[in-house]
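Structure record follows, encoded as structure tokens.
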Amino acid sequence: MGTWDTGPFDNDTAADFADALDDAEPAAREALIRGVLVRTIDATGYLAEAEEAVAAAALIAAQCPGGEPIDMAYGPETPMPVFPFDLRALADEALARIVGDDDGSASNWVDPEDWKQRRAILTRLRAVLAPPPPSVALLDVEP
């Protein structure tokens, strides 16, 4: 895998995934994204599609409140469909698998500082995809 930076599309595999999304019919793009997320969640052993799953999660997060726009230099050039809400949970679950896989993605980084930066990006994506529930104010109730 050729990696040149820590962003979701800053590696050859994710850039190829962006090209595949550009080449796909508009109606097929959601299925491509859903498929890579489900396969990452269901994978046993090595997470072969981790880089694509990170890219897919970033595309979903970009449509969420607080999400950041995708870097168009390496991300898909064509507009993505509006993704259904259920993809947020799948993306978060896939990212949880990736972050917790110390033998997978972490081992791809020569510089541990780069892995720390990548992990921070994944954590930010997860915070957008599955924000903590709003705190519930306790009501002053007389017994």
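The values are calculated or read from the model by the stated rules, or taken from the named source; none is laboratory data. Keep in mind that this is a model prediction, so the values were computed, not measured. Here the Cβ is made from the backbone with ideal geometry for all residues, glycine too, and neighbour counts use every protein chain on show.
In this structure, Ala31 does not satisfy being surrounded by fewer than 17 Cβ atoms within 10 Å (Cβ to Cβ) and not in a helix (DSSP H, G or I). Taking residues in segment 2-13 that are among the hydrophobic types (A, V, I, L, M, F, W, C) and at pLDDT 85 or above, and partners anywhere that are part of a loop (DSSP other than H, G, I, E, B) and buried (at least 17 other Cβ atoms within 10 Å of the Cβ), the pairs with Cβ atoms closer than 6 Å and at least 6 places apart or on different chains are Phe9/Tyr74; Phe9/Gly75.
Of the residues screened, Ala48 is one that is out of contact with any helix residue (DSSP H, G or I) (no Cβ under 6 Å at 6 or more places or on another chain), surrounded by 12 or more Cβ atoms within 10 Å (Cβ to Cβ), in a loop (DSSP other than H, G, I, E, B) and among the aliphatic types (A, V, I, L, M). Restricting the first member to segment 41-55 and to residues that are without any contact (Cβ under 8 Å) to a residue 60 or more places away in the chain and under 12 Å from Gly100 (Cα atoms), and the second to residues that are of a type in the set (Val, Ile, Thr) and surrounded by 20 or more Cβ atoms within 10 Å (Cβ to Cβ), the beta-carbon pairs closer than 8 Å and six or more apart or on different chains are Leu47/Thr40; Leu47/Ile98; Ala50/Thr40; Ala50/Ile98.
Return the residue satisfying two criteria in turn: it lies in segment 86-108 and is closer than 16 Å to Glu52 by Cβ and either outside any helix (DSSP H, G or I) or among the β-branched types (Val, Ile, Thr) (or both), and of such residues it is modelled with the highest pLDDT. The qualifying residue modelled with the highest pLDDT is Ile98. Between Arg126, Arg118, the distinction of being part of a helix (DSSP H, G or I), modelled with pLDDT under 95 and crowded, with 18+ Cβ neighbours inside 10 Å belongs to Arg118 only. Of all residue pairs spaced 6 or more apart or on separate chains, those with beta-carbon atoms under 7 Å, a first member in segment 61-81 that is among the polar types (S, T, N, Q) and a second member that is surrounded by 10 or more Cβ atoms within 10 Å (Cβ to Cβ) and assigned to a loop (DSSP other than H, G, I, E, B) are Gln63/Phe83.
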